[in-house]
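Read through the structure below, which is laid out as C-alpha cells, and then see the notes.
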Amino acid sequence: MAVPTITIVGAGLGGLTLARVLHVHGIAATVYELEASPDARTQGGMLDIHDYNGQVALRDAGLFDQFQAIIHPGGQAMRILDRHNTVRLEESDEQSAGDRPEVDRGQLRRILLDALPDDTIVWGRKVTGAAPLGDGRHELCFADGASVTTDVLIGADGAWSRIRPLVSSVLPAYTGISFIEVDHTDARPEPAAVVGGGMLFALAPGRGFLAHKETDGSLHIYIALRKPEQWLRSVDWTDTDAGKAVLLAEFADWAPPLQSLITGADSVLIPRTINALPTGHRWDRIPGVTLIGDAAHVMSPFAGEGANLAMFDGSELGKAIAADPGDIETAFAAYEKELFTRSETVARESAESLAVIFDDNAPQSLVDMFAAFTA
C-alpha cells in the first residue's frame with residue numbers, strides 16, 4: 001500500500017517533533033503553521049526537559065546531541081520565597097537531580113526546524129476548520145479560502161485546536177488562575193537577585209510570581225492571580241503604566257524587592273488565562289485523524305510537563321506510523337491507548353499542583369511538597 005499523505009496542523013514543539021521523527025524514518029509530512037515565519041514572534045520562556053519523556057523524544061528524533069549543546073548551566077536552581085522576600089527553600093543547580101535540564105524554548109524549536117527539509121512547513125496558513133470526507137480523508141480549510149485534502153490529519157495546534165472538534169466537542173475551561181506575562185530584557189540588580197539563577201516561586205494565597213532567568217541574562221516573569229475570568233478582560237493591559245498600577249495594588253503588602261518584578265519590567269504586559277481540558281479527556285477512534293500535545297490534553301503548567309508531553313506524543317505517534325505506514329488506523333489506536341493513560345496521570349498531577357501552589361497555606365504547601373519528593 002502506498003504511503004498516505006500526512007498533514008500536521010501546528011509547528012510547535014509537538015508538531016515539529018512528529019515531523020522530524022517521521023523524516024528520520026523516511027516518511028514525508030506537511031506542516032501548516034499560522035505564523036508567517038519562524039521568527040514571527042519570540043518563543044520565550046525556559047523549559048525543563050525531562051529524562052523520561054522530552055529527552056526520549058529528542059533521542060528518537062536524532063537530536064539529543066544538539067539538545068545537550070543548548071542546556072542552560074545553573075538553570076535547575078530553584079528558590080521559594082514568601083511575600084516578605086524570605087527564602088523558604090533554595091536549591092542550587094548542583095543540588096538538583098540533573099534529570100530536568102533547562103533550555104530556551106526558542107533555541108529548542110530552532111533545532112527542530114533546522115532538522116527538517118525546507119519544504120516541510122508551510123508558513124502563514126491559518127487553518128479555520130476541517131471536515132471529514134467519509135473515507136478517512138479530511139479537507140482542511142484556510143483563512144484565505146484555499147483548501148487541501150489529506151489522507152492523515154494530526155492536530156498539533158494547541159489549546160484552541162481547530163482539529164479537536166473532529167473527535168471531541170469538549171473545550172478547555174478556566175482554572176481560576178490568570179497570568180500577566182512580562183520580561184526584564186535589561187534586568188536590574190534588585191529583580192535579578194530576587195529571581196536568582198534558575199526558577200523562582202514567590203507565593204502567597206491565591207497569587208504570586210513565577211519567574212526564570214533566561215540564557216541571555218534577562219528575566220521572564222509570570223505574575224499569577226486567582227481572579228474571575230472577567231477581571232482579566234476588565235483591565236486595559238495595553239496601557240503599561242495603568243496595568244502595572246493595577247498589579248502593584250494587588251501586591252501592595254509585598255516586599256519592595258518583589259514589587260520590583262512588576263516595576264522593573266520593560267516589556268509589554270501579556271494577559272493569559274490558564275485553561276485546561278478535563279482530567280481524563282479522551283475520544284472514540286475517528287478514522288484518519290488524531291491529536292497531540294495541548295490539542296489533546298491542555299492542562300495547567302504546574303506539573304512542568306506540557307512541552308515534554310507534546311514532544312513525547314509526537315515521537316510516539318511518529319514511531320507508531322513508521323512501524324506500518326500502510327495501517328494508520330492500527331497506529332492511531334495504539335498511540336491513543338497510551339496517550340490517554342499518560343495524559344490523565346499528568347493532568348491530575350497538574351491540577352493538584354495548581355491547588356497546592358496557590359492554596360491558603362502558600363508558600364508552605366509547596367515547600368512541603370518538594371520536601372516529600374526528596375524524602
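The values are calculated or read from the model by the stated rules, or taken from the named source; none is laboratory data. Note that the structure is a prediction, hence the values are computed from the model and not measured. A quick note on method: Cβ atoms are made from the backbone with ideal geometry, for glycine too, and the neighbour counts reach across all protein chains shown. The accessibility values were calculated without ligands, DNA or RNA, using every heavy atom of the protein model including side chains. Shrake-Rupley method; radii C 1.70, N 1.55, O 1.52, S 1.80 Å.
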Thr128-Arg272 FRET efficiency (beta carbon distance; Förster radius 22 Å; 0.05 resolution): 0.45
Can you give me the solvent accessible area of Phe370 with a 1.4 Å probe, rounded to the nearest 10 Å²? 50 Å²
In Å², nearest 10: area of Trp283 left accessible to a 1.4 Å probe: 20 Å²
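Considering Cα pairs under 8 angstrom that are at least six residues apart, work out the relative contact order of the chain and quote it in whole percent.
The value is 23 percent.
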Segment Ala252-Glu190, length gained on full extension (0.36 nm per residue, minus Cα span): 20.6 nm
Label points 7 Å out from Cα along the Cβ direction at Gln230 and Ala40: separation in nm? 3.3 nm
What order, most packed first, do the peptides 15-24, 104-113, 183-192, 149-158 have when packing is the mean number of other Cβ atoms within 10 Å of each residue? 15-24, 149-158, 104-113, 183-192
Heads up, I need the accessible area for Tyr335: 1.4 angstrom probe, whole protein in place, Å², nearest 10. 10 Å²
Gain on full stretching of the segment that runs from Ala242 to Gln364 - 0.36 nm per residue minus C-alpha separation: 40.7 nm
Could you check which residue among Arg207, Arg59, Arg83 shows the biggest mean-square fluctuation in a GNM of the chain with a 10 Å Cα cutoff? Arg59
At a 1.4 Å probe radius, which order do Lys244, Lys126, Lys319 fall into by accessible area, largest first? Lys126, Lys319, Lys244
Hey, in the GNM for the chain with a 10 angstrom Cα cutoff, which one of Gly206, Gly62, Gly26 fluctuates hardest? Gly26
Sort Trp123, Trp160 by heavy-atom solvent-accessible area, probe 1.4 angstrom, most to least. Trp160, Trp123
Once both axes come from the Cα atoms, what is the angle between helix 13-24 and the longest principal axis of the chain, in degrees from 0 to 90, rounded to 10? 40 degrees
Would you work out what percent of the accessible area of the stretch 1-160, with all protein chains in place, is carbon or sulfur (probe 1.4 Å)? 47 percent
Hits among lysines - C-alpha to C-alpha of Lys227 under 18 Å, sequence gap 8 or more where chains match: Lys244
Starting from the Cα of Asp151, step 7 Å along the direction of its Cβ; do the same at Val170; then give the gap between the two resulting points in nm. 3.1 nm
Can you tell me the order of 138-145, 173-180 when each peptide is scored by its average per-residue count of other Cβ atoms within 10 angstrom, highest first? 173-180, 138-145
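Over the stretch 64-175, calculate the relative contact order: mean separation of alpha carbon pairs under 8 Å at least 6 apart, over the residue count, as a percent. List each step's numbers first, then the result.
Numbers: 120 pairs, mean separation 17.4, N = 112.
Across the stretch 64-175, relative contact order equals 16 percent.
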Might you tell me the accessible area per residue for the stretch 241-370, computed with a 1.4 Å probe and given in Å²? 37 Å²
Placing each pseudo-label 7 Å from Cα in the direction of the beta carbon, Asp216 and Arg59 end up separated by a distance in nanometres of 3.3 nm
For the stretch 1-154, with every protein chain kept in place, what is the accessible area per residue (1.4 Å probe, Å²)? 45 Å²
